[in-house]
Amino acid sequence: MPIVHLVLFKFRHECFERINSQTGAVVARIRRLPGVLTVSMGENYTTRSLGYTHALTVTFVSKEAEAAYQVHAEHVDIRDNIFRPLQQDVPDRVLAMDYEAEILSNE
């Protein structure tokens with residue numbers, strides 16, 4: 001069963017332009033990792049996000065693929081060198097969850 005990895009971020013507002021300009025490159029880097037089915041990332045546009053500004057969703061083929069992703073050098077580099085520097089001094093800066101997904105299609 002596919003696994004969905006959902007991450008909500010709180011980035012400092014002065015960093016929005018920088019993170020938004022890097023979204024395409026980040027998604028492309030994650031998409032190339034083993035076991036990744038889909039990737040999406042974007043900026044929130046509603047008022048109901050409780051302060052979370054951006055979201056990342058990655059769908060994996062299995063729990064094992066998601067676990068391998070967590071320690072993969074590419075993921076660690078993105079997390080530590082792109083995301084975290086843009087979240088300094090932000091309380092509750094990340095909310096993440098992973099779940100088994102029942103994926104339905106209109107096809």
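The values are calculated or read from the model by the stated rules, or taken from the named source; none is laboratory data. Because the structure is predicted, anything quoted here is derived from the model rather than measured. We place every Cβ from the backbone using ideal geometry, glycine too, and count neighbours over all the protein chains shown. What goes into the accessible areas is simple: the full protein's heavy atoms, side chains included, and nothing from ligands, DNA or RNA. Shrake-Rupley method; radii C 1.70, N 1.55, O 1.52, S 1.80 Å.
Do we find a residue being within 16 Å of Met1 (Cα to Cα), acidic (Asp, Glu) and in contact with a helix residue (DSSP H, G or I) (Cβ under 9 Å, 6 or more places away or on another chain) anywhere in the stretch 74-85? Please lay out each step first, then the result.
Here is the first cut: in the stretch 74-85, the residues within 16 Å of Met1 (Cα to Cα) are none.
No: the stretch 74-85 contains no residue that is within 16 Å of Met1 (Cα to Cα), acidic (Asp, Glu) and in contact with a helix residue (DSSP H, G or I) (Cβ under 9 Å, 6 or more places away or on another chain).
Do we have Tyr69 as open to solvent by 60 Å² or more (accessible area, probe 1.4 Å) and either not charged (D, E, K, R) or not in a helix (DSSP H, G or I) (or both) here? Please lay out each step first, then the result.
Working: open to solvent by 60 Å² or more (accessible area, probe 1.4 Å): no; either not charged (D, E, K, R) or not in a helix (DSSP H, G or I) (or both): yes.
For Tyr69, the condition - open to solvent by 60 Å² or more (accessible area, probe 1.4 Å) and either not charged (D, E, K, R) or not in a helix (DSSP H, G or I) (or both) - is not met.
Within the stretch 59-66, can one find any residue that is of a type in the set (A, V, I, L, M, F, W, C), within 13 Å of the chain's Cα centre (by Cα) and part of a strand (DSSP E or B)? Quick ask: steps written out before the conclusion?
First, pick out the residues of the stretch 59-66 that are of a type in the set (A, V, I, L, M, F, W, C): 60-61, 65.
Those still in the list that are within 13 Å of the chain's Cα centre (by Cα) too: 60.
Filter again for part of a strand (DSSP E or B), leaving 60.
Yes - at least one qualifying residue is present in the stretch 59-66.
Could you check how many residues of the stretch 12-42 are over 18 Å from Val58 (Cβ atoms) and either modelled with pLDDT of 95 or more or open to solvent by less than 60 Å² (accessible area, probe 1.4 Å) (or both)?
Step one: filter the stretch 12-42 for residues over 18 Å from Val58 (Cβ atoms), giving 12-18, 20-21.
Now drop any that are not either modelled with pLDDT of 95 or more or open to solvent by less than 60 Å² (accessible area, probe 1.4 Å) (or both), which leaves 15-16.
Result for the stretch 12-42: 2.
Within the stretch 19-59, how many residues are in contact with an Asp or Glu (Cβ under 7 Å, 6 or more places away or on another chain), farther than 15 Å from Ala96 by Cα and not aliphatic (A, V, I, L, M)?
The initial filter retains those residues of the stretch 19-59 that are in contact with an Asp or Glu (Cβ under 7 Å, 6 or more places away or on another chain), namely 20, 29, 33, 53-54.
Next, only the ones that are farther than 15 Å from Ala96 by Cα stay: 20, 29, 33.
Filter once more, so that each one left must be not aliphatic (A, V, I, L, M): 20, 29.
Residues in the stretch 19-59 being in contact with an Asp or Glu (Cβ under 7 Å, 6 or more places away or on another chain), farther than 15 Å from Ala96 by Cα and not aliphatic (A, V, I, L, M): 2 in total.
Return yes when Gly51 is at positive phi, surrounded by 11 or more Cβ atoms within 10 Å (Cβ to Cβ) and at pLDDT 95 or above and no when it is not. Before the answer, list the steps.
Details: at positive phi: yes; surrounded by 11 or more Cβ atoms within 10 Å (Cβ to Cβ): yes; at pLDDT 95 or above: no.
When the stated conditions are applied, Gly51 does not pass them.
Please determine whether any residue of the stretch 98-105 is loosely packed, with under 13 Cβ neighbours inside 10 Å, in a strand (DSSP E or B) and charged (D, E, K, R).
yes
Quick check on the stretch 72-93: of everything there that is exposed (fewer than 15 other Cβ atoms within 10 Å of the Cβ) and more than 20 Å from Ala25 (Cβ to Cβ), which residue is farthest from the chain's Cα centre (by Cα)?
Across the stretch 72-93, the extreme among qualifying residues is Asp89.
What about Phe60, is it among the aromatic types (Phe, Trp, Tyr), open to solvent by less than 70 Å² (accessible area, probe 1.4 Å) and either within 20 Å of Phe11 (Cβ to Cβ) or out of contact with any strand residue (DSSP E or B) (no Cβ under 6 Å at 6 or more places or on another chain) (or both)? Let's see the steps before the verdict.
Numbers: among the aromatic types (Phe, Trp, Tyr): yes; open to solvent by less than 70 Å² (accessible area, probe 1.4 Å): yes; either within 20 Å of Phe11 (Cβ to Cβ) or out of contact with any strand residue (DSSP E or B) (no Cβ under 6 Å at 6 or more places or on another chain) (or both): no.
When the stated conditions are applied, Phe60 does not pass them.
What do you reckon, is Tyr45 open to solvent by less than 60 Å² (accessible area, probe 1.4 Å) and either in contact (Cβ under 8 Å) with a residue 60 or more places away in the chain or not in a strand (DSSP E or B) (or both)? Give the steps one after another, and end with the answer.
Working: open to solvent by less than 60 Å² (accessible area, probe 1.4 Å): no; either in contact (Cβ under 8 Å) with a residue 60 or more places away in the chain or not in a strand (DSSP E or B) (or both): yes.
Criteria not met by Tyr45.
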